[in-house]
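Have a look at the structure below, then the notes.
The values are calculated or read from the model by the stated rules, or taken from the named source; none is laboratory data. Since the model is a prediction, treat every value here as computed from it, not as a measurement. So basically every Cβ, Gly included, is an ideal-geometry build from the backbone, and we count neighbours across all protein chains shown.
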Amino acid sequence: MGGWMLEGNRVGLYSTSGFMTEESAPVITVRPLLTALLLAALGATVSGCAGTIIGAGATAGVAAAEERGIGGAIDDVKIRTEINHLWFDRDIEMYRQVTLNISEGRVMLTGVVTAEQARADAVRLSWQAAGVKEVLNEIQVRGSGEPGLDQAHDLWLQQKLKARLLTDSEVRNINYIIDVTDSVVYLLGIAQSQTELDRVIAHARDLGGIKRVISHVVLKTDPKRNGG
């Protein structure tokens, strides 16, 4: 487990055994345009797990098609990188247990930790990253003796909902981020209209085994997107 780290025009790797330096791991030096493509390609990376990059140019094209645009996608990746670094330095378990999703500087935290202090630390450190506009704290706290998550079932629900949105021609699925934790669906992103958002929520509620749906999606026309 690990991920990518951006430093200036350099993109390198870090792992759970520690951040790799120039001496211990290869670091790629790239021109500004290629840096942008790589950053956009990293947009789908989730906390604690490195996403596979397949065609940086193609992924950059996808990012450009999103409502937030390629610039917004790059900014979000920079925030993700900084928060992951802060978490990793603070507590490797935080890095592993908390899921991080970001849309236009709005940070959504999900997952399960074993202490209230761990949840508070994850939120506090997230605010320290440059560019963060909002932190949506959906982290659950469970004692070490309580039942764990059925991660396979959560992943199945998540993929099922993504498939439904993909096949719904009235939904621009590219603008939605979906996370499922303990059979609760969390939504983040940008909706073209309230009608579209209602369709997405209806799809989520229609899944068997869902406890509830929590939406942090904003409308395309929301003035807060531009600092209003």
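Among the candidates Ala122, Ala130, the residue that is surrounded by 15 or more Cβ atoms within 10 Å (Cβ to Cβ) and under 23 Å from Val217 (Cα atoms) is uniquely Ala122. Across segment 164-201, what is the number of residues that are loosely packed, with under 12 Cβ neighbours inside 10 Å and over 24 Å from Val135 (Cα atoms)? Residues in segment 164-201 being loosely packed, with under 12 Cβ neighbours inside 10 Å and over 24 Å from Val135 (Cα atoms): 5 in total. Restrict the check to segment 128-150 and report whether at least one residue is on the phi > 0 side of the Ramachandran plot and either assigned by TED's automatic domain parsing to the domain that holds His216 or at pLDDT 95 or above (or both). For segment 128-150, residues on the phi > 0 side of the Ramachandran plot and either assigned by TED's automatic domain parsing to the domain that holds His216 or at pLDDT 95 or above (or both): present.
Every residue, every condition in (1) among the β-branched types (Val, Ile, Thr); (2) in contact with a Ser or Thr (Cβ under 8 Å, 6 or more places away or on another chain); (3) outside the structural domain of Arg199 (by TED's automatic domain parsing), yes or no:
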| residue | (1), (2), (3) |
| --- | --- |
| Met94 | no, no, yes |
| Glu104 | no, no, yes |
| Val107 | yes, yes, yes |
| Val112 | yes, yes, yes |
| Leu125 | no, no, yes |
| Trp156 | no, no, no |
| Arg164 | no, no, no |
| Asp168 | no, no, no |
